[in-house]
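Presented below is the structure to which this report refers.
The values are calculated or read from the model by the stated rules, or taken from the named source; none is laboratory data. What you are looking at is a predicted structure, and each value in this text was computed from that prediction instead of being measured. Using ideal geometry, Cβ is built from the backbone for each residue, glycine included, and neighbour counts are taken over all protein chains shown. Accessible surface is based on the protein model in full, side chains and every heavy atom, while ligands, DNA and RNA are left aside. Shrake-Rupley method; radii C 1.70, N 1.55, O 1.52, S 1.80 Å.
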Amino acid sequence: MNKTISLWGQSLYRQFSLMLANQPKLGYYLHPLLNWNKPALHPDYHSARIVDFCWETDQMLSVWLEPASSWAGFTAGQHILVTMLHKGRYISRSFSISSSSAVFAQQKQIRISCRIQPQGEFTKGLAASISELTHLSISDAMGDFVLEPKADTALEQSIVMVAAGSGITPLWSILSSVRCWTSPVVLFYCVKNTAQAAFLTELKLLAAKQPLFELQLIETATAGRLNLVQQLKAKTSFSLSKAQYFFCGPAAMSRQYKDDLIQQGVPSTAIYAELFGLAAAASEGPVKQALMLQQGKVTVVEAAAGVPLLQAAEQQGLTPRFGCRIGVCYQCVCQKKSGQVLNLRTGHISGDGPEQIQLCISAAHSNLQIEL
């Protein structure tokens, strides 16, 4: 009932705004004035004051934010879309929240922790200007990569977590938010070396004081890639099929571990993954034609195999709406009129008919017609 009332209220606000200002939000109408006074703020999102920042490692920057009172909060493991004004335009990227739900409840603050990517416009821009920035804009929290108690499972069911690099961020948020430990938890934390392990001190302290938590640090530079099934089979009294699994890291890693576990009889419903990056796609193959309609103009885009349609459109001079560029924020959703696309995250091939697609993770599988 409350959800119905809320949706009705949102619809009424939208209609009122359209009637008054010919804009779906009053913030759009006032945006030129707001932009002059506070250029960092964006009408689609919530303002978040930068409270503090620090370097977790030489490659990972943490930023503490105090969201405006309009922000509804989060469940540990969820992510947000962060937007900032950079070189005269808004750019966005998705980040998992890396702090506990208790900190937000007590202090109304959250933390994001981002690995600075050499080719990443957002992370490089954030690191370069963090000392001058006062605010960022953030979306509502989203995502279902959360640890929820299962009413139909035994309390002692084991939980297995695997983090690779910055994939530790949502998992640390989950671990630091647990208040009542009822299940044994093992975390395999894969990093190139110890110097690249964010939150390692906190994780070691948690392992020292919590007997149900076990930390396994895997330094891949010396130990090589983690063989998850082998490691778990070596554990005394551990049942592969009676555990929940949480993976956060590169898409290829998560897919491989999921396939390995399913082959061992683990149900897919017990495996949860938060993916970084896109699935491997064929780099060769016939170039397809995508007819893209934007503002009444049709543009023919040459779409090579394995190349995201967002990238192909931008190379042709088009300016589709986008946000995170990794398939998380859904800002680049548009209408496919005909043709098939390959989802670069899942490997799924769409049908031929009309449907909504995400440009940043879709590649042409046939000739296409798309309305941007």
Here's a check for you: in the range 244-265, which residue that is buried (at least 18 other Cβ atoms within 10 Å of the Cβ) and hydrophobic (A, V, I, L, M, F, W, C) is farthest from Leu228 (Cα to Cα)?
Ala251
Quick one: what pairs do we get from the range 302-331, first residue within 17 Å of Gly120 (Cα to Cα), second part of a helix (DSSP H, G or I) and of a type in the set (Val, Ile, Thr), C-beta under 7 Å, 6+ apart or different chains?
Pro308/Ile361; Gly327/Ile361
Would you confirm whether any residue within the range 165-179 is open to solvent by 20 Å² or more (accessible area, probe 1.4 Å) and in contact with a Cys (Cβ under 8 Å, 6 or more places away or on another chain)?
yes
If I ask for residues that are under 15 Å from Gly77 (Cα atoms) and aromatic (Phe, Trp, Tyr), which ones from the range 98-129 would you list?
Phe104
Looking at (1) of a type in the set (S, T, N, Q); (2) outside any loop (DSSP other than H, G, I, E, B); (3) at pLDDT 95 or above, which is the only condition Ser94 fails?
(3)
I'm trying to understand the selection: among the residues of the range 315-334, which are under 16 Å from Gln369 (Cα atoms) and open to solvent by 60 Å² or more (accessible area, probe 1.4 Å)?
Gln316
Selection from the range 55-85 of residues that are part of a strand (DSSP E or B) and open to solvent by 30 Å² or more (accessible area, probe 1.4 Å)
Trp55, Trp64, Glu66, Leu85
Provide a single number: the residues in the range 104-121 that are open to solvent by less than 60 Å² (accessible area, probe 1.4 Å) and either among the basic types (Lys, Arg) or touching a residue at least 40 places away in the same chain (Cβ under 8 Å) (or both).
7
Of the residues Gly285, Gly327, Gly353, which single one is within 22 Å of Arg93 (Cα to Cα) and either at pLDDT 85 or above or out of contact with any Phe, Trp or Tyr (no Cβ under 7 Å at 6 or more places or on another chain) (or both)?
Gly327
